[in-house]
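Undergrad: The structure that follows is given in the form of structure tokens.
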Amino acid sequence: MALASWAAMGGIDETEVAIVGAGPAGLVLAHLLAARDIDCVVLEQRDRAYVEHRVRAGVLEHPTVELLRELGLAERLEREGLAHRGIQLAVDGIRHRIDFVELTGRSITLYGQQEVVKDLIAARLAGGGQIVFEALDVAPTAIDTDRPVVQYRHDGVARTLRCRIVAGCDGSYGVCGPLVADRTVTEHTYPFAWLGVLAEAAPTQDELVYASHDRGFALYSMRSPTVTRLYLQVAPDEQLAAWSDDRIWDELATRLPVGDGFRLNTGPIIDRGITAMHSSVATPMRHGNLLVAGDAAHIVPATGAKGMNLAIADATVLAAVIDDALRGGRPEHLADYTPTCLRRVWRTQHFSHRMTTMLHRFDDDAFRRQLQRTELEIVTSSVAAATDLAEHYVGLPFATLAERAT
Ligand SMILES: Cc1cc2nc3c(=O)[nH]c(=O)nc-3n(C[C@H](O)[C@H](O)[C@H](O)COP(=O)(O)OP(=O)(O)OC[C@H]3O[C@@H](n4cnc5c(N)ncnc54)[C@H](O)[C@@H]3O)c2cc1C
């Protein structure tokens, strides 16, 4: 369906799918729909520069990379992404490798979420797709009908976008999730947060190091050959101002396994932030012709490196059910969306919770600490246990139509 021109429709635009949010979920969905010749418009409240420079996740699962390749969106990722064969778990300063390639035949790729977002935006615009940046006061209405409407403001002018489906990909603070009137939210808050920094310091090795330490968890990660990404477990109410650069580097050097041949390069810190460790799942993920995806429906703690991958996995299911509804004449298949997504969502919650509870320090709980050490010993000594971790870390296959829960 061609977009009606502004002039002809007096400021009313029309599309098949209105996508709210230009994060990984919304942008991948836009590409998947375009590949199926389904018309869509993305409405994003921030400007382009802001979304292209927002530092967040950086671990791409194997299925995510495969999908981006299939969509022809992996050219720069292939060139600049860092392929990792596995990860390391450091327990009491001693490193243990989990070799994903050996255990599963698959690997992961380190490539910043903001780089994924840049690539998706550039390709979408080059292909003639519509992304409206700085779309303010976005308000989907009539979602119970087969003609939903999304109202918003752009350049100070009120706009109306008529559509068949609204895809709510607007993250955890978006407007779409709460419109699912009968949703139930199941959640869990962990008693700690992550202080994350991006540093202009060349990584000293090509694998992530997850460190379990009596002073708290630390993660050594990277984004490029010149940029390191580092995390420290901190109190949930920690203030950024309390962490000078020196204090950050000292604490990292204490918690990371520097005595075990590991080297930590330091350098200017170019980005820093504190992220709560929280899990939530909102269900159902659909209300009428509004379907929500990614962080708009669920949050996972970052320990499993799953948030962006899970958002993209939702988008693959969403594109398939929208295709069925709009092209296949089977609108009843929209009902498959929630149960199909929830299988992966809960598997991912389980994995992320397991990684989180295995590696973080819980205050003065000696019994839990002993159980953690035992679990770490099992994972680092049993091939079966390591394979289970590796399979989940590299990513479960995306749900096919045949696997849909109905
Ligand atoms: C602060 C933060 C730090 C994170 N750090 C890490 C990390 O270090 N490692 C890790 O593995 N994972 C991390 N994550 C998780 C991961 O980045 C997310 O799971 C991922 O971004 C989810 O993608 P999404 O497309 O669902 O949502 P988002 O990426 O949040 O995208 C939603 C988009 O919708 C837009 N939007 C919101 N409201 C509206 C509205 N009303 N109208 C129009 N547009 C709107 C937003 O501007 C945004 O562009 C982090 C998440 C957050 C929030």
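Undergrad: In the range 351-364, is there at least one residue being loosely packed, with under 14 Cβ neighbours inside 10 Å and not aromatic (Phe, Trp, Tyr)?
TA: Scanning the range 351-364, I find at least one residue that is loosely packed, with under 14 Cβ neighbours inside 10 Å and not aromatic (Phe, Trp, Tyr), so the answer is yes.
Undergrad: Here's something else I'd like to know. If you go through the range 162-184 one residue at a time, do you hit one that is of a type in the set (Ser, Thr, Tyr) and crowded, with 21+ Cβ neighbours inside 10 Å? Break it down stepwise before answering.
TA: In the first step, residues of the range 162-184 are kept if they are of a type in the set (Ser, Thr, Tyr); the result is 172-173, 184.
Checking the rest, the ones that are also crowded, with 21+ Cβ neighbours inside 10 Å come to none.
No: zero hits.
Undergrad: Given the conditions (1) of a type outside the set (Val, Ile, Thr); (2) touching a Gly at 6+ places or on another chain (Cβ under 6 Å); (3) more than 27 Å from Ser279 (Cα to Cα), report the number of the one that Ala142 does not fulfil.
TA: It fails just one condition, (2).
Undergrad: Restricting to the range 148-158, name every residue that is crowded, with 20+ Cβ neighbours inside 10 Å and either outside any strand (DSSP E or B) or more than 12 Å from the ligand (Cβ to nearest atom) (or both).
TA: Initial filter on the range 148-158 (crowded, with 20+ Cβ neighbours inside 10 Å): 148, 150, 152.
If the condition is that a residue be crowded, with 20+ Cβ neighbours inside 10 Å and either outside any strand (DSSP E or B) or more than 12 Å from the ligand (Cβ to nearest atom) (or both), then Pro148 is the only one that fits.
Undergrad: Now a separate question. Return the only residue of Tyr190, Tyr173, Tyr220 being within 20 Å of the chain's Cα centre (by Cα) and either at positive phi or in a loop (DSSP other than H, G, I, E, B) (or both). Lay out the reasoning, then the answer.
TA: Details: Tyr190 fails: either at positive phi or in a loop (DSSP other than H, G, I, E, B) (or both); Tyr220 fails: either at positive phi or in a loop (DSSP other than H, G, I, E, B) (or both).
Only one candidate qualifies: Tyr173.
Undergrad: With respect to Leu230, is the statement that it is in contact with a Ser or Thr (Cβ under 9 Å, 6 or more places away or on another chain) and either acidic (Asp, Glu) or within 16 Å of the ligand (Cβ to nearest atom) (or both) true?
TA: Details: in contact with a Ser or Thr (Cβ under 9 Å, 6 or more places away or on another chain): yes; either acidic (Asp, Glu) or within 16 Å of the ligand (Cβ to nearest atom) (or both): yes.
Against the criterion (in contact with a Ser or Thr (Cβ under 9 Å, 6 or more places away or on another chain) and either acidic (Asp, Glu) or within 16 Å of the ligand (Cβ to nearest atom) (or both)), Leu230 qualifies.
Undergrad: Glu66 is checked against (1) surrounded by fewer than 22 Cβ atoms within 10 Å (Cβ to Cβ); (2) more than 16 Å from the ligand (Cβ to nearest atom); (3) more than 17 Å from the chain's Cα centre (by Cα) and fails just one. What number does that condition carry?
TA: For Glu66, the exception is condition (3).
Undergrad: Does any residue of the range 89-103 turn out to be in contact (Cβ under 8 Å) with a residue 12 or more places away in the chain, surrounded by fewer than 21 Cβ atoms within 10 Å (Cβ to Cβ) and under 29 Å from Leu33 (Cα atoms)?
TA: Checking the range 89-103: not a single residue is in contact (Cβ under 8 Å) with a residue 12 or more places away in the chain, surrounded by fewer than 21 Cβ atoms within 10 Å (Cβ to Cβ) and under 29 Å from Leu33 (Cα atoms).
Undergrad: Would you tally the residues in the range 238-257 being at pLDDT 95 or above and in a loop (DSSP other than H, G, I, E, B)?
TA: 5
Undergrad: Given the conditions (1) of a type in the set (D, E, K, R); (2) crowded, with 17+ Cβ neighbours inside 10 Å; (3) more than 10 Å from the ligand (Cβ to nearest atom); (4) under 24 Å from His298 (Cα atoms), and given that Arg124 satisfies all but one, which numbered condition is not satisfied?
TA: Condition (4) is where Arg124 drops out.
Undergrad: Only one of Ala319, Ala325 is away from the ligand (no atom under 13 Å from the Cβ), touching a Pro at 6+ places or on another chain (Cβ under 6 Å), touching a residue at least 40 places away in the same chain (Cβ under 8 Å) and assigned to a helix (DSSP H, G or I). Can you tell me which? Give the steps one after another, and end with the answer.
TA: Details: Ala319 fails: touching a Pro at 6+ places or on another chain (Cβ under 6 Å).
Sole residue among the options that is away from the ligand (no atom under 13 Å from the Cβ), touching a Pro at 6+ places or on another chain (Cβ under 6 Å), touching a residue at least 40 places away in the same chain (Cβ under 8 Å) and assigned to a helix (DSSP H, G or I): Ala325.
Undergrad: Can you pull out every residue in the range 247-270 that is surrounded by 14 or more Cβ atoms within 10 Å (Cβ to Cβ), farther than 13 Å from Ala211 by Cα and free of Cβ contacts under 8 Å to residues at least 40 places away in the same chain?
TA: Trp249
Undergrad: Okay, moving on. Just one of Leu179, Leu103, Leu89 is farther than 29 Å from Gly395 by Cα, out of contact with any Cys (no Cβ under 6 Å at 6 or more places or on another chain) and of a type outside the set (Ser, Thr, Tyr); which is it? I'd like the intermediate steps shown before the answer.
TA: Numbers: Leu103 fails: farther than 29 Å from Gly395 by Cα; Leu89 fails: farther than 29 Å from Gly395 by Cα.
Only one candidate passes the filter, namely Leu179.
Undergrad: Give all pairs with beta carbons closer than 6 Å in which a residue from the range 284-312 that is touching a residue at least 24 places away in the same chain (Cβ under 8 Å) and in a helix (DSSP H, G or I) meets a residue that is among the hydroxyl-bearing types (Ser, Thr, Tyr) and near the ligand (Cβ under 8 Å from one of its atoms); count only pairs at least 6 apart in sequence or on separate chains.
TA: The qualifying pairs are Asp295/Ser172.
Undergrad: Further question: Between a residue in the range 172-194 that is under 27 Å from Val234 (Cβ atoms) and any residue that is of a type in the set (Asp, Glu) and within 15 Å of the ligand (Cβ to nearest atom), which pairs come within a Cβ distance under 7 Å, given they are 6 or more apart or on different chains?
TA: Ser172/Asp295; Ala193/Glu238
Undergrad: Can you name the residue in the range 133-145 that is part of a strand (DSSP E or B) and either small (Gly, Ala, Ser) or more than 9 Å from the ligand (Cβ to nearest atom) (or both) and, of all such residues, is surrounded by the fewest Cβ atoms within 10 Å (Cβ to Cβ)? Before the answer, list the steps.
TA: If we filter the range 133-145 for residues that are part of a strand (DSSP E or B), which is where we start, we get 136-141.
After this cut, where a residue has to be either small (Gly, Ala, Ser) or more than 9 Å from the ligand (Cβ to nearest atom) (or both) as well, the list is 139-141.
Working: Ala139: 12, Pro140: 25, Thr141: 14.
Taking the candidates together, the pick is Ala139.
The values are calculated or read from the model by the stated rules, or taken from the named source; none is laboratory data. If you're wondering where the values come from, they're calculated on a predicted model, not measured in any experiment. Positions of Cβ are backbone-derived with ideal geometry, glycine not excepted, and every protein chain shown enters the neighbour counts.
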